[in-house]
Each structure stands twice: as structure tokens, then as C-alpha cells.
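Structure, as C-alpha cells:
The values are calculated or read from the model by the stated rules, or taken from the named source; none is laboratory data. Because the structure is a prediction, the values reported are computed rather than measured. Ideal geometry is used to build each Cβ from the backbone, glycine not excepted, and the neighbour counts take in all protein chains shown.
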Amino acid sequence: MYCKSTKVVNATGLHARPAADFVKVSKKFDSKITVTRENDPKNVKANGKSLISILALCATKDSVIHIAAEGADEVEAVETLAALVDSGLGE
Amino acid sequence: MDKTQNESISLKGNPVSRGIAAGRVFWYEPFVPDIKECHIEAAGTEAALRKYEEAVAAARKELQDVYESLKEEDEHRAGIFLAHMEILEDEMLDEEIRSAIGESLSEPGWAAERVYSNYAKLLGEMEDELIRERAADIMDVKNRLLRCFQGVPQRNLSRLPGAVIVAAHDLLPSDTATIDRENVLAIVTEAGGATSHSAILAKGFGIPALLGIKGLKDALGREEAATAACEVPGEMRAATAVGNVLDEAGAGVAVVDALDGVLIVNPDKDTREHYFKRLGKWEEEQRLTREFLRREPLTKDGVRIEIGQNIGSAAREALAASGYTDFVGLFRTEFLFMEKESMPTEEEQFVAYCKVLKAYGGRPVTVRTLDIGGDKTLPYLEQEKEENPFLGNRALRLCFENPCLFKTQLRALYRASVHGKLQIMLPMVGGMDDILRAKQIIGDVKNELAAEGIAISQDVKVGIMIEIPSIALLADVVAKEVDFASIGTNDLCQYLLAADRMNPAVASYYQSYHPALYRLIGYVADEFQKAGKPLCVCGELGGDRLTVPVLVGLGLRKLSMGGSSVCEVKRVLSKMTVARMEELAAKVKACKTDQEVRDLCEKYMENTLGND
């Protein structure tokens, strides 16, 4: 298992198109990917490969998220996704 | 038929798509799954999982079929069904349903019901409107899936029993997207807001729609309206149905007034007569509008005026007018920059420019380079706070200061130039040195692209906006240097009259009918005519019914405007000869005040349209 925390910087957060982009990238990896949000009262454990799940995470701008992966390509998966979030998800 | 059935009921609703309709009401009762908590034996999990998989496969096939049947005709509507397929195959929903079956031993229908509803509720409670709309999609897919479980055939609105008003508690995205457009007179629902899928689709189709009508079902329930609707013969055309209904009356009839937001069930004689007249007027107005929309823009004596469109984005709706306009007179590129958190890449810009160029085929598309500053700012571009931003570092001036910004845009434009007929227009030009400096940078960009082996069109025209009085007064010199020019009347007016158009305190000094403005435009038009260079007006005045004849009278033959003004302008042009417009223009130049010009134009307009 490998994990990393990062801050959501783009304006819309992990919503709509940015969320779909995140899921699209997640699906390229074999590892199981889980995303959680710091201070989430509902403590949602989002499946990184499910759009509905990522939307339900409600990660708006400035929220801190933890990306965890478990599997053969876990390091690459987490690093790629964290970099994607840091880049502002194309916004 | 007893008396209560003829009682007239009036209900208020939210008119999300304008129009008037009258006819019989068809109450649509979509498939509503009736699922109760139900469990299975541990030994039955495999069979239950198979049942779930079969239902998913059946639902997927339905979605695939609708998608295929729609994709040629309407990419946007087809996209709804693609999104539904994604939901159906969502990894988490799938996993949770499987575990509810395999571990909690839920009956598969109950498992799907619970998992889907749970997430629809979660998303439906979110602040973000776009996400809340996804909740409607999830419920839509859930209903489809549960229906497939039960082996119930699809129920939708793709075949209506004749021309009817469709009424329902709520319409799901898939209902509206596949609605029988030949026969739907109007849509009325109990639920729904202005931003819902149904509202957007109804507007796109031009179907009058009244949503959020409280007590709709009760009001219609009394009428037994749904059965009445089925008796309407299928071949009856929508328009005749409306007329007949208002003429003859009858039970189970309603009037949808999606102008004022009222639904009248079982209208009495007076109401029917009132709406009969109102409908006639509305239809006449619509007919006139439509008639002129696609007409060739000719003056009464047959002089061809070129009509352009101003657009602010590359969206489908913005490009809808490409079928009945000659060119794009102003493509504001700010939207590409203002909607973003960071500067749009060359590639993003390239895609947007290509889209517009392709939509207009070989016809000219005039792209204005970035016009930021003044009232518009960019979050990622630091700008000094200025005392007078409109007189400050804006548009071309700002681009000179940020050559990177400017060059990226020019690169994207030239790369796109091979896909259509591109014209590049520079805003906020004050003197010849601005033009020469910009041309130098354009030359550099072209050389760079050539060195990289990237193909560009050799036929890109470069022109300017005329919005600063100094450049207008140099029209004779400028006309020799540029390929074309376009008068931005909003800014020209504010700079000429020294009245900030954003400042309400001086609103009365911002006089767009000021005679000085027309003298100046007349001078520019004369000089461009002498030089044989094209000149256009792309400000508000270009689409103003009162000033259009004046502009043509001053010598303009190209006008560019917002899509909604096109019909009216074409109609006004068709009523006047050029000689009469020249006579008007000469009088306008001799006027003393803004009010005098306005009165004169109105008088001419009245005389002209009055003689129809």
C-alpha cells in the first residue's frame, strides 16, 4: 500500500469534468485506488475508479485529500494521480 | 359529463421555455419501480448475481440502441445516454450491489434500489447544481435497471397519441431526450427547475414548457385527461389541434401560457377567446421572425447587405446562427481566458478556433485578439490597479506588455487558419504605431511556425477595431495599412463622449444616438470606401433596428450583431430603399442632439413598418 496527501487547487474541485478526468486516469492502473478527504464528517472512502464515488466525496477547492493505492503499480498510480490533482486537472 | 368537469382551474408554473399552446393533456405515468426489502437464501446468491448481470446487460442494450439512434441527429442528446451507460457500469455502484447480494443476501432488485437511491440522495443534497443534476441521471438509470429486472418493456414519450400537452410529475432526462417532437405541444410538470435537463432540452427544441406546477396531478385528475388524449387521431397536426381546441372547447383541454407562467385547465369561453387571439398574435410574430431568419438580407431596392454574427464562445448554441448569417463579425475570445484558473494552452485555443472556422465553412470568421482590462480581468494575470482602467492598460496594450500571452494566441490562430477563412482583428488601436508593432509580432509568429514546418493559410486578413476616436480620424491613412476594419460602437461612443459606460452616474451622458457619433462613422465609412477596404459595424448599434438604416445610409454594407437581432434587422432592411436610408443618414448628421436623432429614427421606422 502506498499513499499520499495533496490539496485540491482547481476552482471547481473534484467535480464534473475534473472528476471524470481523475477517474479516467485511475482506470489505467491495476491497483485498487481509494480516495478520502480530510475532515470529512461522513468519512467517505471513495473508489478512485468510480465517478459517482468521487463526486460523493465532495472534494471542493482547497480540501486536502489522501490518495491510496494497493497493487502492483501502486506507487506509479498514486504519484500520477497526485501530480494530476496538483496540476489543477486541466483547469 | 357532470358540471365539475368543466370547472376552470388556473395554476402557476415556471415558464422555462417560452410559448403558448393549447390542446388535450396527456398524463405520462413513467415506470415507477415498486421494490420492497427482500432477501434471498445463501444458496441462491449465484443465481441472484446472474439475474443482476442479465438486467444490466438488458439495460445496456437499451441505452446503446437509443444512443445509436440519436447520435447522428443530435450529439448532445445522445451524450445523455452515453453518460447513463457510464453510470450503469460504474465500478463502485457495481461492487456495492454485488456485495449487497453476495454478503447481505439482498434480493438483486432491492440491492440495486438501495445502492442507487443512496447515491442519488447523497448527490442530490450537494450544493453544486451540476452534481445535483447527476442525481436525476442516477435515478433514471436505476428505474431502467429495475424495469429490466422485472422484464417490463420500455415506456417513454417517443410515440404520443396525437398532438398533446405532455403532463407528468417529473420527466427524467431520458424521457425528454426521446420525446415525440412532432406531436408534443407543450410540457408541464409538477417538479423541475429552470436548470434541469428537461428545461434545457425543451428550450433547445422550442417546446413551450411550464415546470414546478403545484397541484398539477390533482387538477388534471378531475379531468380524466389521460384517456381523452388517446382519442386524438395520430395524424392530426399540432397547429390545427391548437386552433380547433380553442375554437370548440371541450373537457380535458388546457391552455399552457409559457409567457406569463400560467396553466389553465378547462378554460372557460372568455379565456379561450382571449388565448385564441393571443396565440394568433404569438404565432404571427414567430412566423415573421422565422420567415426573415433565413431570408437573404436585401434592402427594398435589392442591395445586398452582409449580416454577420457576434459570438462569445465556440459552443453549439453560439454557432447555431451559422446557417443564416454570412460571416462572424466578432468572435470575442475572452471566454477562453476568463473561465479558466490559468492561461489556456495553445492547444485549447486551437481547438476552439478550429471549431468556429469549420462551422462557418469557407465564410470569414473575424477573431478579435484578447480584449482584457477595462471591465474585464483575469485571475491569473496580475495587473496594477488603475485609476481609469478604460483609459489604461487594456486589450492590445496589455498584449504588448505580455508578449507571451499574445504570441500564444496568434500561434493558435495561425495554426487554425488552414481550417477556414480567418480574419484577425486587433482591439484598442490608437495610432499607426500600434498597428505596425502588432504586425511585427504577427510576422515573427508566422516565421516561427514556418521554421517549425507548420502549415498556415497565406490568406489571413489582419484588421483593426475602430473604437478610439484618434484612429477613426486617421481613417484615410489606416485604410491603406489594414485589410479591413470594424467599428466597435460601444467603446467608440464612450471614448468620443468621455462617458464611462460602466458608471451609472454618467449613464445619461453615454448617448449612443449622439449626432457626433454618426458624423464620425460617416467619415470612416467614406474613407474605407475610397480605399476599397471592407468596413463593418460590430457594436450594439449594428443590431439596433433604429440605427441600422442610418448605418446603411452612411455607406456601411456589413453589419454584425448578436444572433437574436438577425431577423429583425433583415426585416427592417427589406422595408427601406438605400436612397431613403441615405436621406435619413444625412438628416441624422445635421441633428443637434441625441434626442433629436432618436425621434427622427423612430419616425422613419414608424412610417416604414406602418406601410406594410
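Residues that are assigned to a loop (DSSP other than H, G, I, E, B) and touching a helix residue (DSSP H, G or I) at 6+ places or on another chain (Cβ under 9 Å) were ranked within the stretch B:459-495; the one that is farthest from B:Arg415 (Cα to Cα) is B:Leu473. The residue list B:Glu296, B:Glu285 contains one member that is surrounded by fewer than 16 Cβ atoms within 10 Å (Cβ to Cβ) and in contact with a strand residue (DSSP E or B) (Cβ under 8 Å, 6 or more places away or on another chain), which is B:Glu296. Among the conditions (1) within 12 Å of another protein chain (Cβ to nearest Cβ); (2) more than 33 Å from the chain's Cα centre (by Cα), B:Arg132 misses just one, which is (2).
Number of residues in the stretch B:108-122 that are in contact with a Pro (Cβ under 9 Å, 6 or more places away or on another chain) and at the interface with chain A (Cβ under 9 Å from one of its Cβ atoms) equals 0. Scanning the stretch A:48-61 for residues that are surrounded by fewer than 23 Cβ atoms within 10 Å (Cβ to Cβ) and more than 9 Å from every other protein chain (Cβ to nearest Cβ) turns up just one, A:Lys61.
Criterion applied to A:Val25, A:Val64, A:Val35 was being more than 9 Å from chain B (Cβ to nearest Cβ) and farther than 22 Å from B:Glu86 by Cβ, and the one residue passing it is A:Val64.
The requirement of being assigned to a helix (DSSP H, G or I), small (Gly, Ala, Ser), in contact (Cβ under 8 Å) with a residue 12 or more places away in the chain and within 30 Å of B:Ser106 (Cβ to Cβ) is not satisfied by B:Ala43.
Look at (1) modelled with pLDDT under 70; (2) surrounded by 14 or more Cβ atoms within 10 Å (Cβ to Cβ); (3) part of a helix (DSSP H, G or I) and you find that B:Met236 fails only one, number (3). All of (1) surrounded by 17 or more Cβ atoms within 10 Å (Cβ to Cβ); (2) closer than 25 Å to A:Lys27 by Cα; (3) over 40 Å from the mean Cα position of the chain (by Cα) hold for B:Ala78 with one exception: (3).
For the stretch B:239-259, the criterion of being modelled with pLDDT of 70 or more, part of a helix (DSSP H, G or I) and among the hydrophobic types (A, V, I, L, M, F, W, C) is met by no residue.
Residues that are touching a Ser or Thr at 6+ places or on another chain (Cβ under 8 Å) and in contact (Cβ under 8 Å) with a residue 40 or more places away in the chain within the stretch B:313-344 comprise B:Phe327, B:Val328, B:Gly329, B:Leu330, B:Thr333, B:Met343, listed in sequence order.
Against the list (1) farther than 22 Å from B:Val550 by Cβ; (2) of a type in the set (Val, Ile, Thr); (3) touching a Pro at 6+ places or on another chain (Cβ under 9 Å), the condition B:Ile307 fails is (1). The sole residue among B:Ala58, B:Ala78 that is closer than 22 Å to B:Ala177 by Cβ, touching a Cys at 6+ places or on another chain (Cβ under 9 Å) and part of a helix (DSSP H, G or I) is B:Ala58.
The lone criterion from (1) more than 12 Å from chain A (Cβ to nearest Cβ); (2) under 40 Å from the mean Cα position of the chain (by Cα); (3) part of a helix (DSSP H, G or I) left unmet by B:Glu73 is number (3). Looking at the structure I just gave you, is B:Arg290 modelled with pLDDT of 80 or more and among the charged types (D, E, K, R)? Against the criterion (modelled with pLDDT of 80 or more and among the charged types (D, E, K, R)), B:Arg290 does not qualify. Residues that are in contact with a helix residue (DSSP H, G or I) (Cβ under 7 Å, 6 or more places away or on another chain) and either among the charged types (D, E, K, R) or more than 30 Å from A:Ser87 (Cα to Cα) (or both) number at least 1 in the following helices (runs of 4 or more DSSP H) confined to the stretch B:271-388: B:316-319, B:346-359.
Taking residues in the stretch B:55-75 that are in contact (Cβ under 8 Å) with a residue 40 or more places away in the chain and farther than 18 Å from B:Lys142 by Cα, and partners anywhere that are part of a helix (DSSP H, G or I) and of a type in the set (D, E, K, R), the pairs with Cβ atoms closer than 6 Å and at least 6 places apart or on different chains are B:Leu70/B:Arg77. Can you confirm whether A:Glu76 is surrounded by fewer than 16 Cβ atoms within 10 Å (Cβ to Cβ), at pLDDT 90 or above, away from chain B (no Cβ under 12 Å) and touching a strand residue (DSSP E or B) at 6+ places or on another chain (Cβ under 6 Å)? It is false that A:Glu76 is surrounded by fewer than 16 Cβ atoms within 10 Å (Cβ to Cβ), at pLDDT 90 or above, away from chain B (no Cβ under 12 Å) and touching a strand residue (DSSP E or B) at 6+ places or on another chain (Cβ under 6 Å).
Of everything in the stretch B:104-127 that is among the aliphatic types (A, V, I, L, M) and part of a loop (DSSP other than H, G, I, E, B), the residue that is modelled with the lowest pLDDT is B:Met126.
The condition of being out of contact with any Ser or Thr (no Cβ under 9 Å at 6 or more places or on another chain) and surrounded by fewer than 18 Cβ atoms within 10 Å (Cβ to Cβ) holds for only one of B:Arg545, B:Arg557, that being B:Arg557.
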